[in-house]
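All remarks here apply to the structure that follows.
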Amino acid sequence: MCSFSSEQTPYGSLFLALHRSWPSMRHHRHLRLGQFNRRRTQLKEARQRKRMVVVKTEIKMKNLKLYMENQTIIEENEKLRKQAMLLHKENQALLSQLQKKLSEPNSNTNNN
């Protein structure tokens with residue numbers, strides 16, 4: 001008889017049966033860890049995509065608000081520019097009238 005025969009110990013056949021299943025259990029655990037890691041990665045990527053959608057929406061809203069504010073500023077600037085141009089024309093007209101009035105007494109004193 002062989003010294004390593006399973007018939008010598010009462011637990012020999014059980015030991016051999018368990019010993020054969022251990023590598024497959026390890027392999028099974030390894031596969032389950034791989035599945036777990038893949039699923040965890042997929043969930044993480046899904047959360048990131050969802051967050052990116054939220055961030056993009058927030059950015060679009062901020063951009064729209066800034067655009068609207070910019071349009072309001074542009075309109076106000078145009079109004080102020082027109083008002084400044086009218087004030088400049090009025091100033092030029094008043095200056096011209098003042099120069100006329102100032103030159104009239106000089107011409108009257110020159111004529112006398």
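The values are calculated or read from the model by the stated rules, or taken from the named source; none is laboratory data. Note that the structure is a prediction, hence the values are computed from the model and not measured. Heads up: the accessible areas ignore ligands, DNA and RNA and are worked out on the full protein's heavy atoms, side chains in. Shrake-Rupley method; radii C 1.70, N 1.55, O 1.52, S 1.80 Å.
If you roll a 1.4 Å probe over the heavy atoms of the protein chains, what accessible area per residue do you get for segment 29-109, in Å²?
100 Å²
Can you tell me how much longer the chain between residue 68 and residue 80 gets when fully stretched, taken as 0.36 nm per residue apart minus their C-alpha distance, in nm with one decimal? Could the numbers behind the result be given before it?
Working: separation 12, 0.36 × 12 = 4.32 nm, distance 1.85 nm.
So the extension gain works out to 2.5 nm.
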